[in-house]
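Report on the structure given below.
The values are calculated or read from the model by the stated rules, or taken from the named source; none is laboratory data. Since this is a predicted model, take the numbers as computed values, not measurements. Cβ: placed from backbone, ideal geometry, glycine included. Neighbour counts: every protein chain shown.
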Amino acid sequence: MVGFTSLIALIFLLVAFILGLLGGMVSAVVSIAKEQEATLALFLGIFFSLILFVVGLALVLATMSVTVYGSAIMAMRGAGPLKSLKDAVRYISGHADAFYLYCLVFVGYLFIIFIVTSVSYPIRLIPLIGSAMAIMYQFAAYAVQSYFGLVMIASIFCYYYFSTREILAAEQAPLQEVTTVESSSEERGTSGSQVHEQGDLPLEKDQRKEI
């Protein structure tokens, strides 16, 4: 997990660098347009700002979805950090529904946080006991946020498991065959040793009779 999170941190740094580079290019274009016409500069500023916002949001959501699905791959398939990252990118590129599900669940999580946070402001306005109730409510809000965060991760993990259940079963089948062969060989070895032991007993009895 440490190696995987380090790779994700590097990806986030790369995303931030790309967004900063695009932002610098937008500001340069807008500054050049201001010298020509103010209306054109205003239009270009709003237009490129919207494009930059959409691109940045898409990159951030894609990186976060890769993080969650990569964690699922590490947990269920026991892959390494780099292989989990590659498999997560390959899985999301081949399953667009997985990315849409993550976006839907993430938006729902943000909506729940917004509702839980907005309720705390009217509580503070209650005279005398408002501050104490706000503190108690804050602890409850943290618990609710943590719970729904786990629900979000669990839903993503369940979707990945059921969508790749056949692949996981195919990967685990050779391991089960190997364990079955080893257990059968052990059983044969133990049965063979028992037969040899049983075969040795009459010889010992015959030797005792001769003596």
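Listed here are the residues, each with its yes/no results for (1) assigned to a helix (DSSP H, G or I); (2) modelled with pLDDT of 90 or more; (3) assigned by TED's automatic domain parsing to the domain that holds ILE73; (4) not β-branched (Val, Ile, Thr).
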{"site": "ILE115", "(1), (2), (3), (4)": "yes, no, no, no"}
{"site": "SER118", "(1), (2), (3), (4)": "yes, no, no, yes"}
{"site": "PRO122", "(1), (2), (3), (4)": "yes, no, no, yes"}
{"site": "LEU128", "(1), (2), (3), (4)": "no, no, no, yes"}
{"site": "MET133", "(1), (2), (3), (4)": "yes, no, no, yes"}
{"site": "MET136", "(1), (2), (3), (4)": "yes, no, no, yes"}
{"site": "TYR142", "(1), (2), (3), (4)": "yes, no, no, yes"}
{"site": "ALA154", "(1), (2), (3), (4)": "yes, yes, no, yes"}
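Out of VAL2, VAL26, which single residue is touching a Phe, Trp or Tyr at 6+ places or on another chain (Cβ under 6 Å) and either in the same structural domain as SER84 (by TED's automatic domain parsing) or without any contact (Cβ under 8 Å) to a residue 40 or more places away in the chain (or both)?
Values: VAL2 fails: touching a Phe, Trp or Tyr at 6+ places or on another chain (Cβ under 6 Å).
The unique qualifying residue is VAL26.
Counting only residues that are surrounded by fewer than 17 Cβ atoms within 10 Å (Cβ to Cβ) and touching a residue at least 40 places away in the same chain (Cβ under 8 Å), which one in segment 82-96 is farthest from PHE157 (Cα to Cα)? Explain how you work it out, then say what you get.
Residues of segment 82-96 surrounded by fewer than 17 Cβ atoms within 10 Å (Cβ to Cβ): 82-83, 86, 89-90, 93-96.
Next, from what is left, pick out any that are touching a residue at least 40 places away in the same chain (Cβ under 8 Å): 82, 95.
Details: LEU82: 19, HIS95: 14 Å.
The residue in question is LEU82.
So that you can scan it fast, the table gives a plain yes or no per residue for (1) under 27 Å from ALA72 (Cβ atoms); (2) surrounded by 14 or more Cβ atoms within 10 Å (Cβ to Cβ):
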position	(1), (2)
ILE11	yes, yes
ILE18	yes, no
ALA33	no, yes
LEU40	no, no
GLY45	no, yes
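Would a scan of segment 12-34 turn up a residue that is within 20 Å of MET152 (Cβ to Cβ) and either in contact with a helix residue (DSSP H, G or I) (Cβ under 8 Å, 6 or more places away or on another chain) or in a helix (DSSP H, G or I) (or both)?
Of segment 12-34, the ones within 20 Å of MET152 (Cβ to Cβ) are 12.
Filter once more, so that each one left must be either in contact with a helix residue (DSSP H, G or I) (Cβ under 8 Å, 6 or more places away or on another chain) or in a helix (DSSP H, G or I) (or both): 12.
Among the residues of segment 12-34, at least one is within 20 Å of MET152 (Cβ to Cβ) and either in contact with a helix residue (DSSP H, G or I) (Cβ under 8 Å, 6 or more places away or on another chain) or in a helix (DSSP H, G or I) (or both), which makes the answer yes.
Do the conditions hold for ALA79, that is, is it within 20 Å of PHE162 (Cβ to Cβ) and assigned to a loop (DSSP other than H, G, I, E, B)?
Details: within 20 Å of PHE162 (Cβ to Cβ): yes; assigned to a loop (DSSP other than H, G, I, E, B): yes.
The answer is yes for ALA79.
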